[in-house]
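Here's the structure we're looking at; comments come further down.
Please treat every number below as a calculation from the coordinates, not as lab data. Just so it is clear, the structure is predicted and the values come from calculations on it, not from any experiment. So basically every Cβ, Gly included, is an ideal-geometry build from the backbone, and we count neighbours across all protein chains shown.
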Amino acid sequence: METDHQQWMDEQTDEDSDSEENLCGIQESCTTGLCHHPQLETDVESVRTLYSDSAISVRVYDSIDDVDVDLNINTNFLGEEVAKAWGVNSSEPIVIRLHFSLSQYLDGPAPSVEVFQPSNSDHFSVGKQLEK
C-alpha cells in the first residue's frame, strides 16, 4: 500500500531538470549545501489537508535556492454576473503564485506574488488588484 508520504512525492514531478519537488523529509536534507526550511512541508501538507491536493502545487529549484508555490483558488462560488464584471473565467481557478527562497521560507524577504488565470491574461484586472 502506498503511503501518504510516497503519494505526495510521486505527485511532485516536473520535466524541468532544475526542479526537485520532493519536500518530504526535507528537515535534515542538505545534500546540495542548501537546507530547506522545515516549516514549508508542514504548511504544504496543511493546505492539502484543509482543501485538496489540487489546491496547491510546488516547484522547487534547489540549484538556485528558490521555490514557487501555486495556490489554486476555486472560482465556482462567483455568480455569472460577478465573474463577468470582474473579468474572471469562472470555469478555471485563480492562481496565486508565491516565489521565495527555499532555505529562508519564513525568515527571508517577502515573496514576490503573481495572480493570474492561465487562459485569461489580457483582461484579468482582479489579478492586478490582488497583486498589490
In Hz, Karplus ³J(HN,Hα) per residue of region 77-91 (6.51, -1.76, 1.60; θ = phi - 60°; x = Gly, Pro) = 7, 6, x, 4, 5, 5, 4, 5, 4, 8, x, 9, 7, 6, 8
Rank-order 101-111, 57-67 by packing density, defined as the average count of other C-beta atoms within 10 Å over each peptide's residues, highest first.
-> 57-67, 101-111
Which value in nm describes the separation of the simple spin-label points at Leu106 and Ser63, placed 7 Å from the Cα toward the beta carbon?
-> 3.1 nm
